[in-house]
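The values are calculated or read from the model by the stated rules, or taken from the named source; none is laboratory data. Since this is a predicted model, take the numbers as computed values, not measurements. Neighbour counts are summed over all protein chains in view; Cβ atoms, including those assigned to glycine, are modelled from backbone coordinates with ideal geometry. Surface accessibility is based on the protein's heavy atoms, side chains included, excluding ligands, DNA and RNA. Shrake-Rupley method; radii C 1.70, N 1.55, O 1.52, S 1.80 Å.
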Amino acid sequence: MKVIDQEIASLKNSVSEMWSLVRQQLFNAGEAMLSGDKELAYKVISRERRVNAFELKIDSDCEDIIALYAPVAIDLRFVLAMYKINTNLERLGDFAESIARFAGNLPDGEPVDPDLIKETRVQVMLQELLEMLALAQEAFEKEDSEIASRIFLKDNLVDEINVASSKIIANYIESHPGSALIGLYMSGVIRKMERFGDHCTNIAEELIFYLDAKVMKHMGKADPKA
């Protein structure tokens, strides 16, 4: 195996590890939000440092490969894609931490109203995001752009839930004035989750660029196979 192949394999392993960490962070943050589990929320917040450490290492590895080995063709596309995916994963880690902070700030013994959870469909939204992240990682590990393309369709549901949530939360605050702050916090969390979906589609675009040499950026959410 050539040295550059070893370096690329090592980079891929690091990105995969970061991916798994970010998925776990989102899962734990979501569980903390839904259950009001402050201990789990603080665990997410403390582990954010690991996400940041991964980002710095992967950035450095990408820069070293380009500087030392001058990759071309698919190797260059891979390194460039990993550089951008790394940035998106770090932002996803930030969003997971923000959700955990919301959970950590909930009044003791007062989790979010289950009716508000149900009406906003935030649990459905969370599950979609976890599935998007899992699909992206599967596409990455199997080097399959067809799997990556499924992420665009899933993001449509995330957007739909986000748009519908504003009126639902406004009505909730009107009928539960004592819970106005939680309603506003929930609105902020849903917006962050919508942005989480956007970063997942960014990752899908980078995977398709790496695998198919096809630039998806600014093409909207149409089927990349069209």
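Taking the longest Cα principal axis of the chain as reference, the axis of helix 145-175 is set at about 20 degrees.
Applying 0.36 nm per residue to the separation of residue 64 and residue 123 and subtracting their alpha-carbon distance, the gain on full extension is 17.1 nm. Of the options [x] 8, 31, 37, 19, 4, 0; [y] 8, 30, 26, 19, 13, 4, 0; [z] 8, 32, 31, 19, 8, 2, 0, only one is P(r) over Cα pairs in 10 Å bins from 0, in percent as computed from these coordinates, and that is [z].
Axis angle, to the nearest 10 degrees, between helix 73-104 and the longest C-alpha principal axis of the chain: 20 degrees. Taking 0.36 nm per residue of separation and subtracting the current Cα-Cα distance, fully stretching the chain between residue 174 and residue 108 would add 21.4 nm. Please check: in the Gaussian network model of the chain (C-alpha springs, under 10 Å), which one of 34, 68, 135 has the largest mean-square fluctuation. Top of the fluctuation ranking is 68.
Distance between the C-alpha centres of the range 37-51 and the range 6-33: 14 Å, rounded to the whole angstrom. Name the shape class, rounded, prolate or oblate, that the alpha-carbon gyration tensor gives for the range 101-157, where a ≥ b ≥ c are the square roots of its eigenvalues, rounded holds for a/c under 1.5, and otherwise prolate holds if a/b is larger than b/c and oblate otherwise. Prolate, because a/c is 1.5 or more and a/b exceeds b/c. In straight-distance terms, cross-link reach from residue 214 covers every one of the aspartates and glutamates whose alpha-carbon lies under 18 Å from its own, apart from those fewer than eight places away in the same chain; here that gives 75, 143, 144, 146, 205, 206, 223.
Mean residue ellipticity, 222 nm, helices only, the chain: the sum of -39500 (n - 2.57) across DSSP H runs of n ≥ 4, divided by residue count and rounded to 500, is -30000 deg cm²/dmol.
Summing Lys and Arg as +1 and Asp and Glu as -1 over all other residues whose Cβ lies under 11 Å from the Cβ of residue 64 gives a net charge of -3. Starting from the Cα gyration tensor of the range 1-103, take the square roots of the eigenvalues, sort them a ≥ b ≥ c, and report rounded, prolate or oblate (rounded when a/c is under 1.5, otherwise prolate if a/b is larger than b/c, else oblate). Verdict is prolate for the range 1-103. Helix 3-35 and the longest principal axis of the C-alpha atoms of the chain enclose an angle of approximately 0°. For the chain, the solvent-accessible area works out to 48 Å² per residue, with a probe of 1.4 Å and every protein chain left in place. One Cα centroid belongs to the range 162-177, the other to the range 64-118; the line between them spans 28 Å. Here the simple spin-label model places points 7 Å from the Cα toward Cβ, and for residue 73 and residue 12 these points are separated by 1.6 nm.
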